[in-house]
1. If the chain between residue 258 and residue 337 were fully stretched, how many nm would it gain, using 0.36 nm times the residue separation less the Cα-Cα distance?
2. What does the C-alpha gyration tensor say about the overall shape of segment 271-383? Classify as rounded when a/c is under 1.5, otherwise prolate if a/b is larger than b/c, or oblate.
3. On C-alpha positions alone, give me the angle between the axis of helix 240-278 and the longest principal axis of the chain, in degrees, nearest 10.
4. With an 8 Å Cα cut-off and a minimum separation of 6 or more residues, compute the relative contact order for segment 244-298 in percent.
5. Please work out the average accessible area per residue across segment 215-262, using the 1.4 Å probe convention, and give it in Å².
6. For segment 83-138, what is the convex hull volume of its Cα atoms per residue in Å³?
7. Using Stokes-Einstein with the Kirkwood hydrodynamic radius over Cα pairs, what translational diffusion coefficient do you get for the chain at 37 °C and a viscosity of 0.692 mPa s, in µm²/s rounded to a whole number?
8. Work out Dmax and Rg for segment 234-296 from the C-alpha atoms and quote the Rg first, both in angstrom.
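The values are calculated or read from the model by the stated rules, or taken from the named source; none is laboratory data. All values derive from a computational prediction rather than experimental measurement. FYI the Cβ positions are ideal-geometry reconstructions off the backbone, even for glycines, and counts take in every protein chain you see. Each accessible area value is taken on the protein alone, full model and side chains, heavy atoms only, with ligands, DNA and RNA left out. Shrake-Rupley method; radii C 1.70, N 1.55, O 1.52, S 1.80 Å.
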Amino acid sequence: MSAPPVYLDAATAAPLHPVARQALLAALDDGWADPARLYAQARRARQLLDAAREAAAATLGVRADELSFTPSGTTAAHSAVLGGLAGRRRAGGTLVHSAIEHSAVLHAAERHVAAGGTATSVPVDRLGRIDPATWSAAVAAPGVALAALIGASHEVGTVQPVTEAAAACAAAGVPLYVDAAQIVGRAPVPGGWSVLTASAHKWGGPPGVGLLVVRKGTRWESPWPADERESGRTPGVVNLPAVVAAAASLRAAAADAAAEAARLAPLVDLVRARVAAEVPDVEVVGDAVDRLPHLVTFSCLYVDGEALLHALDRRGFAVSSGSSCTSSTLRPSHVLEAMGVLSHGNVRVSLHRETTGADVERFLAELPGIVAELRAEAGVVGL
């Protein structure tokens, strides 16, 4: 009998948390009416929405009226960038961002530039981290309206110096937007930011729910056509059952975050050590210490990235990649490119609450042979 499949791609989407499933099913019965109406069913839906907002805000340590639910993490990121720039257009037209922001942020930056604005990309080192001095100089330049810094890399796990970056932004009078998609529900969120986003399916909530937090006093203007819902920050009716499930699972995930980090970090350390020792010509990328507790990325020379993912999938391992030939663009990951590290044969392994030590051991036992087979098929032998 074949072994059960092992899912190791939580950085893309974590398996649905049991709390999310329970809350979703209950809210499907109780939260289908429009919360904006006045009749009994609508008032019940409004109670659920208000409770979800209070719960999510309390988990993040923000005010409920600072938090809005969006149709996705991508929508939240677009809103954060374009809304932050719109609210500060009198201050200038420049967006400062790291070179390794999520594509959603970079696409919003492209839209801003196409409309006549400017964008300044701050480079990172080989570990994937910005230099605080370079960042400070960039945000202190004339005409900067907004700065965007990912809290921790979604591709290599390196944690950014958000507190230092925020201090530099504060000194320059520039609001800081933090993409916290990989942090929320897994680790404490650093302070000092003005705008923050997150995505429910990263912490085990349902897909299709994003969080947008705009702190009081931040100049921010919705980039979307006028809509009275969600304090005017994002248009349309929210998917209330999914929102309720997202808030409930966020509270559950955050409560377990420290224990989960303590459990998963040693497993990631094991992957880093064993892959480096047992697979020839491999580069383990990202910071080995100051990193997310659940994510590790490595690149294998002389191996096609797409072929490696398919081979792992056939053996029951679900992983993802940032390398060329595994995306529609057929380009290397902009994150790995910016770091100056090997991008060929790239594998990202990200663990979750259901991942066991046995799952990791099985992956590590089979990986060297899979890589060797692919290299042999490509005519690369004797490494």
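1. Contour length minus Cα-Cα distance gives 25.2 nm.
2. Rounded, since a/c falls under 1.5.
3. 20
4. After rounding, I find 34 percent.
5. The answer is 51 Å² per residue.
6. 81
7. 152
8. Over segment 234-296's Cα set, Rg and Dmax evaluate to 17.7, 52 Å.
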